[in-house]
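First the structure, in the form of structure tokens, and then the observations on it.
The values are calculated or read from the model by the stated rules, or taken from the named source; none is laboratory data. Note that the structure is predicted; figures quoted are calculated from it, not measured. Note: ideal-geometry Cβ built from the backbone for every residue, glycine included; neighbour counts use all protein chains shown. To get the accessible areas, we keep the full protein, side chains included, count just its heavy atoms, and leave off ligands, DNA and RNA. Shrake-Rupley method; radii C 1.70, N 1.55, O 1.52, S 1.80 Å.
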Amino acid sequence: MKVGLIGIGTVGGGTFKILKENAQEIFKKTGKKIEITMVADTNLALAKKIVKDEAIITSDAKALIESKNVDVVVELVGGVGISKEFVIEALGNKKHVVTANKALIAIHGEELIRLAKKNNVIFAYEAAVAGGIPIIKALREGLAANKIEWVVGIINGTTNYILTEMKENNLSFDVALKQAQELGFAEADPTFDIEGVDAAHKITILASLAFGIPINFDSVYIEGITKLTQKDIAYAEELGYRIKLLAITKVNNDEVELRVHPTLIPENRLVANVNGPMNAILVKGNMVGPTLYYGAGAGAEATASAVVADIIDIAREATLNIPTLGYIDEQILSKKVLNITNVRSEFYLRLSMTNKAGLLAQITKIFANNDVSIDAMVHKEVSDSHRDPDIFLITSKIEEKIINKIIQELESLPENKDKIIKIRVEELN
Ligand code: HSE
């Protein structure tokens, strides 16, 4: 089987390496010799360095797509610009397509999947979500017997690496991000990682596979990790929690939750102990119960492992009859995505107040008036004068619009000194 690779960067290089180094192993599993016949990249020098003379190198991706020497086009350019043109052209040329491009699927997936179907070719994207973890296959095939109730995951390696380094090694946000970039985890535009957009692309895809809903990136609620402070990471720890950037999707009758935000998780949950660039995804099926998938979510070889698994599926002619999004077309039905203000959860709040007699009474009265209970609370001296405390607490489970009202009332107190910090809590039980 002849493979054409567009993009020989981190994942492209990994794909080239795996197909070469594991060629025998792959032959034993497919009975086919899988060969990279062409590589296209605008950086010809880089391509030459990796590929040497083992494949034809070109800067013209369209020539690769049209070549008779290519049966499968692997798109590893990323982004939603030129990569979309390449994929459309490849599908139109009746070539199977393998991609790791989550942004492309989250935004244009519906159109591309339709085009693949029309041309009777495979559009495969295992590497788009959680790098080397076969989560697409798990949801679409392994758990096909189940009605999926929720999917919750750490699905961005860069932010998990940053949060781990901030907590374990006291690194600043900027230094940790720079390291993640050097290690090849981060997106070309790292704001996609740190602002939660990359995780949102991925959870959009998982929600569609889990619940049989159209891919709906526009309705994801997204909040990144840029506003998190060392202080909140430490205070969460004091309360027995870790802060992770979680991607969450849940279904409840005809409504879906779809959100990405920093989240406090009890420290004794397995997911709270997923560190560095590792990813983990919890899936709750109505029959199987909760299942957990863990592995490297970013990096050259881990992501390429999923790319090559898709190529192997094509070599085995294994996936043409599996619906690309797990559900047959007529059964992919829209559901309302809940506005974040209507989502129910527990909340961590941090208040900065000027101390005075009766301050706590004033605060707790606001909670009581709104019928919200406080599950845990710490009143901590922080200044030299031992007067102005940090107060941090965890609420009971409530609708977000109620906590927003409480925050407004707390911020109107004359003793309030700063914007109140709000972070959602998931107990994961
Ligand atoms: N930037 C992504 C991450 C790469 O950090 O997880 C893998 O999709």
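Summary of computed values
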read-out	value
Distance histogram in 5 Å bins (all Cα pairs of segment 162-231, percent per bin)	3, 16, 22, 20, 15, 12, 8, 4, 0
Using alpha-carbon coordinates, inclination of helix 300-315 to the longest axis of the chain, degrees	50 degrees
Partner aspartates and glutamates for LYS405 [C-alpha distance under 16 Å; skip if fewer than 8 residues away on the same chain]	GLU346, ASP371
Accessible area of segment 2-124 belonging to carbon and sulfur atoms, whole % at 1.4 Å probe	53 percent
Segments 372-378, 162-168, 5-11 sorted - mean Cβ within 10 Å per residue, highest first	5-11, 162-168, 372-378
log₁₀ of I(q)/I(0) at q = 0.10, 0.14 Å⁻¹ - the chain, Debye sum with one point per alpha carbon	-0.72, -1.21
Accessible surface, per residue, of segment 2-124 when the full set of protein chains is kept, probe 1.4 Å, Å²	47 Å²
Mean residue ellipticity (222 nm) of the chain, computed from DSSP H runs ≥ 4 via -39,500 (n - 2.57), nearest 500	-10500 deg cm²/dmol
With every protein chain in place, segment 341-425: carbon and sulfur % of accessible area (1.4 Å)	47 percent
Between segment 18-90 and segment 186-252, the Cα center-to-center distance that results, in Å	32 Å
Cα long-axis angle, helix 82-92 against the chain (0 to 90 degrees, to the nearest 10)	50 degrees
Solvent-accessible area per residue for segment 315-389 (1.4 angstrom probe, square angstrom)	58 Å²
Environment charge at MET1 (Cβ cut-off 14 Å; Lys +1, Arg +1, Asp -1, Glu -1)	+2
Fluctuation leader among LYS284, LYS419, LYS335 - the chain, Gaussian network, Cα springs under 10 angstrom	LYS419
Heavy-atom accessible area ranking, 1.4 Å probe, most first, across SER334, SER396, SER345	SER334, SER396, SER345
